[in-house]
Amino acid sequence: MEKQTLLIIGLIGGILAVVGVFLPWIGRSYMGGWSGWGDSGWGLRTTRVISFYSPYPALAGGIIALLGGFALLKEKRPVGFLLPIGGITAIAGGAWGYFDVSTYLSRVVTEPELHLSSGYGFYVCIVGGVLALIGGTLSLKTK
């Protein structure tokens, strides 16, 4: 693949990691019907049951990946290593978010007509991190 294509894949991964923090990490349904967005990772930073710190590394990883991707697009190789490092950080934040949500859902007591479930935001962070890691690593190896 061309270097530009790999960088664009990495940049898309960084964007997905950032956007995933603001997508629902916990979904809600009332009486069997989907109620909408649920709670985003950013909105779950402080709850009454546990404290969610996982959105911070996921967001930071996405931002770092974007900075590294833009640096590589401008041929600034000394800071190009930021793209795969951001990808790794976003993957770690997304995985941490998965475990945070699982812990939260096991502890929270809900009403019978309210059903809480895992959302998809932390999955988007993980996919974005993987794309940033793959795009960044391969673009650094490509001349």
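The values are calculated or read from the model by the stated rules, or taken from the named source; none is laboratory data. Just so we're clear, the structure is a prediction, and the values are computed from it rather than from any experiment. A quick note on method: Cβ atoms are made from the backbone with ideal geometry, for glycine too, and the neighbour counts reach across all protein chains shown.
Descriptive notes on the structure:
- Among all positions in region 88-102, there is no residue which is out of contact with any helix residue (DSSP H, G or I) (no Cβ under 8 Å at 6 or more places or on another chain), part of a loop (DSSP other than H, G, I, E, B) and without any contact (Cβ under 8 Å) to a residue 40 or more places away in the chain.
- Every residue from region 92-120 that is among the aliphatic types (A, V, I, L, M) and either buried (at least 23 other Cβ atoms within 10 Å of the Cβ) or more than 21 Å from Gly13 (Cβ to Cβ) (or both): Val101, Leu105, Val108, Val109, Leu114, Leu116
- Cβ pairs under 6 Å, 6+ apart, first in region 1-19 and farther than 13 Å from Gly61 by Cβ, second modelled with pLDDT under 90 and not in a helix (DSSP H, G or I): Lys3/Thr142
- Residue ID - modelled with the lowest pLDDT, chosen from residues in region 112-143 that are in a loop (DSSP other than H, G, I, E, B) and of a type in the set (Ser, Thr, Tyr): Thr142
- Filter result (at pLDDT 85 or above and either surrounded by fewer than 19 Cβ atoms within 10 Å (Cβ to Cβ) or out of contact with any Leu (no Cβ under 8 Å at 6 or more places or on another chain) (or both)) within region 54-87: Tyr56, Pro57, Ala58, Leu59, Ala60, Gly61, Ile63, Leu67, Phe70, Ala71, Phe81, Ile85
- Inside region 10-42, residues that are within 15 Å of the chain's Cα centre (by Cα) and either modelled with pLDDT of 90 or more or not aliphatic (A, V, I, L, M) (or both) make up a count of 20.
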